[in-house]
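First the structure, in the form of structure tokens, and then the observations on it.
The values are calculated or read from the model by the stated rules, or taken from the named source; none is laboratory data. Keep in mind it's a predicted model, so treat the numbers as computed, not measured. As a convention, Cβ positions derive from the backbone with ideal geometry for all residues, glycine included, and neighbour counts pool all protein chains shown. For accessibility, only protein heavy atoms count, side chains too; no ligands or nucleic acids. Shrake-Rupley method; radii C 1.70, N 1.55, O 1.52, S 1.80 Å.
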Amino acid sequence: MTTHYVVKSIRDPVHGFLYLTPIEQVLVDQPEFQRLRFVLQQSTAYQTFPSNTTNRFAHSCGAAHLSGQMFLCALTNASAEDCAAFREDTLKLISTVSAATMTPIKPEAFELQIENLIGDPCLFLSYPPVECLPRRIPDDFRSAVAILWQSVRLATLVHDLGHLPMSHLFEDAIGQFDPNHKVLGTVRKHINKLFQEYQEPLRDSWGDLLDADAAIHEMIGCMLFHSFLPTAEVFSNEENRLFRLVSWIAKIVVQIKPSHILPNTPEEKAGARVLRFLHSIIAGEIDADRLDYSVRDPLASSSEFGNINLRRLVRGQVVVRFNNEYRLAMDRRAVIDIESFFIQRYFAFRTIVSDHNVSRSETIIRQVIEDLVIESANPASLIQDVVGIGNYDFWHKDAQGNGCLGPLSVDPKIIGRFDDTWLRSLLYSVWRTLTEVEQGGRELTVIQARLRNLIDITLHRKILECWTLAKTDVDSFDLMREVETALIARGKLKAGEGNLDIEIQARSLVEAVFCTDACKRTVQECIDEELGRAKVDPGGLYALVNYEHLKFPKDVDSDDYAILVRGEATDNLRPLGAVSPLLSAISQEVNGPGGIPRLRIFLVGARIRKLRETTDQFAFTELRQKCVEALATAALETEALTKD
């Protein structure tokens, strides 16, 4: 007989109390998950916003809390017809998955089979009693709903389980590695091979449904989850069957493609529709992940721009059938709360994420990680004893002799140490080693000198050794105008056409040109030339280029847009832009003619402090003009502007 388990509670400043089921407790108590207590949500933002030290642990638990509520509310608000169809597809999904994890459960006499195989999942999960379940959920569907409820909560926890130190920052640095580089390209190939080997067995059952291009942290999270949960025999036989069932569903939910590719058999079609719907709860435009951090991060930064009514947003969720798919739509009464949510995200991006100090520190860290990988791959490097196995485990070689990053090894024995504290300690040890070598009279290589200087600036926040070109949106707009004017002067653009800061095609050009290594080299050469002309030693001064743009929802007036709003009639579905002129206008402003891409150039190094102290010897306005010319030169070297 199934034992009644008591849930554990966690106090949370955003949601009050969070509750963990027995299955979630097993996951959360793992060292791999506890590591998230020391992985900051917004990497280096704390250097500018000292109180913004929220971590992935609290965020993951909060997002799991919201995902379970969103799932139940979506079913509660669904029409009787949509709920019945969802029930049939859910039973087919569980039948398909159970065949791979335990004895197949047929849709016929489902509740009886569930009781015989895994007991009462509602009792085991400490699920709300029958009288608290949504009215439209029949008694013969309650166990299936409990299974999906646990699966989507578990998937939300797994979704962030694999985050590397400094969250997305470390991952973005790897994503920008040049695939053609001798060392950096090897790291990229190792990651791709690792993920392909993991997904290969799953493809026998789910074929093209799995997303081979899923984010690095999502894949690492699934691999860690796969390594310890299915083998955890901590419950009775019945409960372990349920354990394996919801674990399998959760893994597929995280990895499934958010597309319309359907496999062949009717059972798997039904399963794919349900899985994609669950995926949209944890990775959509209005999902549990974004709802949580859109409240948590501004609260921690003392930058609340407007209150988001989470209760109304969650209760406004509804599952609808649209274009042969289950979609997570919103009730018409929650439109004003949706507007508040997107406005909050918009202002949070402008004031926190794209703050020039935050942007600069993140750009420096990305360059540091790249240089650190290149230097670690050198057998004769001065930092081999620091980065190697037995010390910080940053770099090692696999059985084939290929270099591998420690945080990507997915080794349960060492993965628990890879957090922000580990990375900061590693950088400090590298800086100290290189500093002692330099003080001993030995000359550092170009990469070693840059690595030492950049680590020194970011660890010790030496802001006087940094100069930012285009701090604000207005500055960035003016910079783009100047680049455009330079291109017009060279005859590559006509006046009034091809605005680099306006056209979507040109914006893609900006991303393709100004974030490349070639552009960085061109800017660096122009700066060195200008400093030399001013008789200023350019040694130790580095140019870093960064480009970013708010990923605001697009095509809000399209019927295929992800956010649908259900009217008073259950079959009345309209795109969000049709019922919210405010969001339609903001979307057009951000993504259309009014959108301002944030292009910044950071000059960092001890020379900046000296240049500021000797302004009579050097003019920053002249340096700005050189940067503009360098950007124009980089743009001219691209195919996009050389085509007739």
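Screening residue 329 with (1) at pLDDT below 80; (2) buried (at least 22 other Cβ atoms within 10 Å of the Cβ) gives one miss only, at (1). Against the test of being open to solvent by less than 30 Å² (accessible area, probe 1.4 Å) and over 29 Å from residue 350 (Cα atoms), the options 439, 448 yield a single qualifying residue, 448.
In this structure, is residue 613 at negative phi, modelled with pLDDT of 70 or more and open to solvent by 40 Å² or more (accessible area, probe 1.4 Å)?
On the way: at negative phi: yes; modelled with pLDDT of 70 or more: yes; open to solvent by 40 Å² or more (accessible area, probe 1.4 Å): yes.
Yes, satisfied.
One residue alone among 213, 172, 208, 204 is in a helix (DSSP H, G or I), modelled with pLDDT under 80 and under 27 Å from residue 67 (Cβ atoms), and that residue is 208.
A residue that is under 29 Å from residue 600 (Cβ atoms) and surrounded by fewer than 15 Cβ atoms within 10 Å (Cβ to Cβ) occurs nowhere in the range 353-364. Taken over the range 28-40, the criterion of being touching a helix residue (DSSP H, G or I) at 6+ places or on another chain (Cβ under 8 Å) and open to solvent by 40 Å² or more (accessible area, probe 1.4 Å) is satisfied by 30, 31, 34, 37, 38. Out of (1) within 28 Å of the chain's Cα centre (by Cα); (2) open to solvent by less than 10 Å² (accessible area, probe 1.4 Å); (3) at negative phi, what's the single condition that is false for residue 459? So residue 459 meets the others, but not (2). Please work out if residue 423 is under 26 Å from the mean Cα position of the chain (by Cα) and buried (at least 21 other Cβ atoms within 10 Å of the Cβ). When the stated conditions are applied, residue 423 passes them.
Quick one: in the range 175-184, of everything that is of a type in the set (A, V, I, L, M, F, W, C) and outside any helix (DSSP H, G or I), which residue is surrounded by the fewest Cβ atoms within 10 Å (Cβ to Cβ)?
It comes out as 183.
Looking only at residues in the range 405-420 that are modelled with pLDDT under 90 and open to solvent by 10 Å² or more (accessible area, probe 1.4 Å), the one that is nearest to residue 361 (Cα to Cα) is 417.
Got at least one residue in the range 242-258 being at pLDDT below 80, over 18 Å from residue 284 (Cβ atoms) and open to solvent by 10 Å² or more (accessible area, probe 1.4 Å)? Among the residues of the range 242-258, not one is at pLDDT below 80, over 18 Å from residue 284 (Cβ atoms) and open to solvent by 10 Å² or more (accessible area, probe 1.4 Å), which makes the answer no.
Each row is one residue, and each column tells you yes or no for (1) assigned to a loop (DSSP other than H, G, I, E, B); (2) in contact (Cβ under 8 Å) with a residue 24 or more places away in the chain.
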{"residue": "399", "(1), (2)": "yes, no"}
{"residue": "404", "(1), (2)": "no, yes"}
{"residue": "410", "(1), (2)": "yes, yes"}
{"residue": "416", "(1), (2)": "no, yes"}
{"residue": "421", "(1), (2)": "no, yes"}
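Is the range 71-89 home to any residue that is under 25 Å from the mean Cα position of the chain (by Cα) and not aromatic (Phe, Trp, Tyr)? The answer is yes; a qualifying residue exists. Taking the criterion of being within 12 Å of residue 326 (Cβ to Cβ) and of a type in the set (Gly, Ala, Ser), the residues of the range 62-78 that qualify are 74, 78. Looking at 153, 188, can you tell me which residue is modelled with pLDDT under 85 and either touching a helix residue (DSSP H, G or I) at 6+ places or on another chain (Cβ under 6 Å) or of a type in the set (Lys, Arg) (or both)? Criteria check complete, one pass: 188.
The rows are residues; the columns are (1) β-branched (Val, Ile, Thr); (2) without any contact (Cβ under 8 Å) to a residue 60 or more places away in the chain; (3) open to solvent by 10 Å² or more (accessible area, probe 1.4 Å); (4) assigned to a helix (DSSP H, G or I).
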{"site": "26", "(1), (2), (3), (4)": "yes, no, yes, yes"}
{"site": "57", "(1), (2), (3), (4)": "no, yes, yes, yes"}
{"site": "63", "(1), (2), (3), (4)": "no, no, no, yes"}
{"site": "66", "(1), (2), (3), (4)": "no, no, no, yes"}
{"site": "69", "(1), (2), (3), (4)": "no, no, yes, yes"}
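The residues of the range 436-480 that are in a helix (DSSP H, G or I), without any contact (Cβ under 8 Å) to a residue 40 or more places away in the chain and β-branched (Val, Ile, Thr), listed by number, are 446, 474. Can you tell me how many residues within the range 389-404 are within 23 Å of residue 437 (Cβ to Cβ) and either at pLDDT 85 or above or open to solvent by 80 Å² or more (accessible area, probe 1.4 Å) (or both)? Qualifying residue count for the region: 6.
Considering only residues in the range 41-55 that are buried (at least 23 other Cβ atoms within 10 Å of the Cβ) and touching a Lys or Arg at 6+ places or on another chain (Cβ under 8 Å), the one that is farthest from residue 168 (Cα to Cα) turns out to be 54. Taking the stated definitions as given, is residue 619 modelled with pLDDT under 80, open to solvent by 10 Å² or more (accessible area, probe 1.4 Å), under 30 Å from residue 319 (Cβ atoms) and not aromatic (Phe, Trp, Tyr)? Answer is no for this residue.
Looking across 521, 507, one residue alone is at pLDDT below 65, among the basic types (Lys, Arg), assigned to a helix (DSSP H, G or I) and out of contact with any Phe, Trp or Tyr (no Cβ under 6 Å at 6 or more places or on another chain). It is 507.
Among the residues making up the range 71-102, those that are open to solvent by 30 Å² or more (accessible area, probe 1.4 Å) and of a type in the set (Asp, Glu) are 81, 88.
Of all residues in the range 267-302, exactly one satisfies the criterion of being modelled with pLDDT under 90, of a type in the set (Asp, Glu) and either surrounded by 22 or more Cβ atoms within 10 Å (Cβ to Cβ) or within 22 Å of residue 43 (Cα to Cα) (or both), namely 297. So, residue 315, is that one of a type in the set (D, E, K, R), open to solvent by 50 Å² or more (accessible area, probe 1.4 Å) and either closer than 30 Å to residue 471 by Cβ or touching a Cys at 6+ places or on another chain (Cβ under 8 Å) (or both) or not? Answer is yes for this residue.
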